[in-house]
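The structure under discussion appears below in the form of structure tokens.
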Amino acid sequence: MATKTIAEINEKIRRGEAVVLTADQAAAMAKEQGVKAVAQQVDVVTTGTFGPMCSSGAFLNFGHSDPPIKMSRVHLNDVPAYAGIAAVDAYLGATELSDGRPEYGGAHVLEELLRGKAVRLRATAYGTDCYPRSQIESDIRLADINEAFLFNPRNAYQNYGAAVNSSSRTLRTYMGTLLPKFGNVNYSTSGCLSPLLNDPYLRTIGIGTKLFLGGAQGYVAWNGTQHNPSRPRNEHGIPVGGAATLSLIGDLKAMSPDFFRAAYFDGYGASLFLGVGIPIPVLDEDLARCVAVTDHDIQTTLFDYGVAERNRPSLGTYSYGELKSGQILLNGKKIRTAPLSSQKKALVIAKQLKGWIEQGDFLLSEAVAPLPQQATLHALNSKDEVK
């Protein structure tokens, strides 16, 4: 089997000779010419997803005032940020809600900063000899902040389950509004364009992998929380559940609001729609086979959110071909389906990443360490009495 290396592909990128396809183009080529042709002719396949990624946030360094302050309580537009780090560092979570506006959260603050708007900083402190100031209030913009970088503990789920509601009442969830009595199905993965579904065994994705994050270049910092790559897989080797996740890092100041949007889910809270795209180097025929998957090759599990348990009942598996058709058949009944993630935006991300590589502005990176292949998940025992 012919093989390539990332170093060899990077040299082709520098010379402007690399053949780069988006994931949907690679699948179409494999259907017409076969997997071997993809392995021989294609160097990189680009992916993309744009959907709600609640487990996101940013580290912010505000710089020192005169006299200096050791911030212990920080609010940005009345949204609390965690300040237990250092004197003027804080972490603002995307889902943290405003003290006064339940429909406004950390993601909204970050988007406003990214759009160049002023944000009201309010901080208090207990005062020390070296940090005597006890409070400060000021309008700040992103340009005024020393460091502003995303550090997202859990992004880019490999394959998120779809949601339906068997109960007799409407449910408002992080999967959107679920109508009673199996009234609708929502899903939130971009199918064949989704990054981790094009490298299901994470052969080329690890700590240090460079990627598209919010319109800029970012990196995989660690495995994401709830990382569970050992979930059951279908005949194509693709997990049929959540499986792997990524912890991502990138410079907020370099990002674009085109790929960074705050959202509010009625009855649930704030979230962040974020664009992520990962280039998959086609090193051999096995990886060519992975990037050739279609929406009909990828299944996800349908869960019943009408049952209020951690392990919700599974109602079977459905392909993204079925989900994207607009309806599925469940218990003999046609149920309409809708995505939370944007297929159109996912393709824009894959195309933009393709352009960066073709122009020589984006070289592939070797992972400095692999991601775990086994889960280390634990759960709280809800039956234990809290005293």
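The values are calculated or read from the model by the stated rules, or taken from the named source; none is laboratory data. Please read these numbers as outputs of a predicted model, since none were measured by experiment. Here the Cβ positions follow ideal geometry from the backbone for every residue, glycine too, while neighbour counts run over all protein chains shown.
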>> Restricting to region 97-113, give me the number of residues that are in a loop (DSSP other than H, G, I, E, B), touching a Gly at 6+ places or on another chain (Cβ under 8 Å) and either at pLDDT 95 or above or buried (at least 18 other Cβ atoms within 10 Å of the Cβ) (or both).
In response: 1
> Regarding Leu274, is this residue outside any loop (DSSP other than H, G, I, E, B), within 26 Å of Ala107 (Cβ to Cβ) and hydrophobic (A, V, I, L, M, F, W, C)?
Replying inline: yes
>> Checking Tyr104 against (1) within 26 Å of the chain's Cα centre (by Cα); (2) within 30 Å of Ile278 (Cβ to Cβ): exactly one of these is not met. Which one?
In response: (2)
> Arg233 passes all but one of (1) in contact with a Phe, Trp or Tyr (Cβ under 6 Å, 6 or more places away or on another chain); (2) charged (D, E, K, R); (3) farther than 28 Å from Ile357 by Cα; which number fails?
Replying inline: (1)
> Do we have any residue at all in region 231-248 that's assigned by TED's automatic domain parsing to the domain that holds Glu366 and more than 27 Å from Pro313 (Cα to Cα)?
Replying inline: yes
> Could you say whether any residue in region 183-194 is more than 30 Å from Lys351 (Cα to Cα), in the same structural domain as Gly250 (by TED's automatic domain parsing), out of contact with any Cys (no Cβ under 9 Å at 6 or more places or on another chain) and surrounded by fewer than 24 Cβ atoms within 10 Å (Cβ to Cβ)?
Replying inline: yes
> Somewhere in region 114-127, is a residue within 20 Å of the chain's Cα centre (by Cα) and not in a strand (DSSP E or B)?
Replying inline: yes
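Just checking, which of Gly267, Gly250 is surrounded by fewer than 19 Cβ atoms within 10 Å (Cβ to Cβ) and in contact with a strand residue (DSSP E or B) (Cβ under 6 Å, 6 or more places away or on another chain)?
Values: Gly250 fails: surrounded by fewer than 19 Cβ atoms within 10 Å (Cβ to Cβ).
The unique qualifying residue is Gly267.
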> What pairs come up if the first residue lies in region 246-270 and is within 19 Å of Ala156 (Cβ to Cβ), the second is among the charged types (D, E, K, R) and in a helix (DSSP H, G or I), and their beta carbons are under 8 Å apart, counting only those six or more places apart or on different chains?
Replying inline: Phe259/Lys345; Phe260/Glu111; Arg261/Glu111; Ala262/Glu111
>> Which residue is farthest from Phe265 (Cα to Cα), if the candidates are limited to region 307-333 and must be charged (D, E, K, R) and surrounded by 10 or more Cβ atoms within 10 Å (Cβ to Cβ)?
In response: Lys333
> From the residues in region 213-261 that are part of a loop (DSSP other than H, G, I, E, B) and among the hydroxyl-bearing types (Ser, Thr, Tyr), which one is farthest from Asp297 (Cα to Cα)?
Replying inline: Ser256
>> Condition first: surrounded by 15 or more Cβ atoms within 10 Å (Cβ to Cβ) and either at pLDDT below 95 or of a type in the set (Lys, Arg) (or both). Now tell me which residues in region 128-159 satisfy that.
In response: Arg133, Arg154
> Does Leu213 satisfy the condition of being crowded, with 24+ Cβ neighbours inside 10 Å and within 20 Å of Asn152 (Cα to Cα)?
Replying inline: yes
> Got a sec? Which of Ala39, Ala26 is touching a strand residue (DSSP E or B) at 6+ places or on another chain (Cβ under 7 Å), surrounded by 15 or more Cβ atoms within 10 Å (Cβ to Cβ) and closer than 17 Å to Asn198 by Cβ?
Replying inline: Ala26
>> Looking only at region 128-150, filter to residues that are part of a strand (DSSP E or B) and among the aliphatic types (A, V, I, L, M); which one of those is farthest from Ser247 (Cα to Cα)?
In response: Ile136
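Give the number of residues within region 230-252 that are among the β-branched types (Val, Ile, Thr) and within 12 Å of the chain's Cα centre (by Cα).
The number of residues fulfilling the criteria is 2.
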>> Could you list, ordered by first residue, the pairs with Cβ atoms under 6 Å in which the first is in region 198-224 and closer than 20 Å to Ser55 by Cβ and the second is part of a loop (DSSP other than H, G, I, E, B) and acidic (Asp, Glu), at least 6 apart or interchain?
In response: Ile205/Asp199
> Residues in region 349-361: is at least one buried (at least 19 other Cβ atoms within 10 Å of the Cβ) and outside any helix (DSSP H, G or I)?
Replying inline: no
> What single numbered condition from (1) modelled with pLDDT of 95 or more; (2) more than 24 Å from Asn228 (Cα to Cα) fails to hold for Asp295?
Replying inline: (2)
